[in-house]
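Engineer: Sending over a structure as structure tokens; questions will come in a sec.
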Amino acid sequence: TARLAAGDAIKLRRSGAGVIRELRLGVQPATPAVLRGLRLTMRWDGAREPSVDVPVGYFFGHCDSGHAEAARFSTLVLGVTADEAYVKFPMPYAKGAVIALRNDSPVAITRLQVALDAERLRSVPANWGRFHATYSEAPAALHGPRFGLKQTPAHLVFEREGRGKYVGVILRTDWPHEGWWGEGDWLIWSDETGWPPSYHGTGSEEYFNSGWCKFDRKAVSGYVAVHPGHPTEYSFHLNDAFQFQRNIKVAVETVGWDKANQRIENEHPAWGSTAFWYALRAQPAR
């Protein structure tokens, strides 16, 4: 437990080999300014660059809502309760781990509480991957990539070479309107580069295991908040992770329905995502 003035940071260090089974984090005050400014980084095995590098509010999906009752959710691997957030993705390390929290917001954090459930091991099996989280945000339909015969604009969730698996995402959109923002298809290339990718979805609501522009909450998929405002959804691939041996690319088209699409093209609202993935060895989150 600590107090963090603006610009302050704390580090939690683990030596040797082990696996973090759960991390729980409570922040006061849990305001948008604090949750967007509190930077969470994780380094494995002595790596110089972090494999996790995400503002806390974007890692847990509660940057706009804090711990408001309507925005609390519980999944098998991540959630937000009345006073803290938790993550249960296994996080192995063979040569130590460093978890850091830095207050980049202008607001003093009066109480920061961190709890780890970590298991010490004599060694870590060679095929245990390292946990990663990569955050990305960009204005829609402006500078992002375009895909397909119609060159449809998209938000790039993440792209990487090497060996690993993509296990989930939190998506957040700046959308103060009633119209349907999520008509865009999800596109996932795994060990391939051509068009179309092997996984070509039919829209955001289907990717998040719902339909007809609506969402509910399940053990591996659902919503934190719905539109208008800052619609935020989560989907975790536990028994259906996207494996890759050479490369992977994940993107979602930034497309709306009818007049909503015109708003996207004219207003360029922000599309933000946090990708959760494993790599055989620790890589920079970037």
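Engineer: How large, in percent, is the carbon and sulfur part of the accessible surface of the chain at a probe radius of 1.4 Å?
Structural biologist: After summing per-atom areas, the C and S share lands at 48 percent.
Engineer: Tell me whether the chain comes out rounded, prolate or oblate; compute the Cα gyration tensor, take square roots of the eigenvalues as a ≥ b ≥ c, and use a/c under 1.5 as the rounded threshold.
Structural biologist: oblate
Engineer: Separation of the stretch 52-127 and the stretch 194-249 by C-alpha centroid, Å?
Structural biologist: 21 Å
Engineer: Students often get this wrong: which residues of the stretch 96-111 have the backbone nitrogen under 14 Å from the point 7 angstrom along Cα-to-C-beta of Leu12?
Structural biologist: 97-102
Engineer: Another question, then. For the residue pair Lys150 and Ala108, what label-to-label distance in nm results when each label sits 7 Å from Cα along the Cα-to-beta-carbon direction?
Structural biologist: Using points 7 Å along Cα→Cβ, the separation is 5.4 nm.
Engineer: Let me ask something else. How much accessible area per residue does the chain have, in Å², with a 1.4 Å probe?
Structural biologist: 46 Å²
Engineer: Excluding residues on the same chain fewer than 8 positions from Lys150, give the lysines whose Cα lies under 26 Å from its Cα.
Structural biologist: Output for Lys150: Lys249, Lys259.
Engineer: So, one more: Could you pull out every one of the lysines with an alpha carbon less than 19 Å from that of Lys11, ignoring same-chain neighbours closer than 8 positions?
Structural biologist: Lys95
Engineer: Let me ask something else about it. Using the basic label-point model (7 angstrom from Cα toward the beta carbon), what is the Asn247 to Arg48 distance in nanometres?
Structural biologist: Taking the simple label geometry, Asn247 and Arg48 are separated by 2.6 nm.
Engineer: Using only the alpha carbons of the stretch 11-130, what is the convex hull's orientation-averaged projected area in square nanometres?
Structural biologist: Over all viewing directions, the stretch 11-130 projects a mean Cα-hull area of 7.3 nm².
The values are calculated or read from the model by the stated rules, or taken from the named source; none is laboratory data. Please read all numbers here as calculations on a predicted model, not as lab measurements. All Cβ positions, even for glycine, are placed from backbone atoms using ideal geometry, and neighbour counts span all protein chains on display. Ligands, DNA and RNA are excluded from the accessible area calculation, which covers all protein heavy atoms including side chains. Shrake-Rupley method; radii C 1.70, N 1.55, O 1.52, S 1.80 Å.
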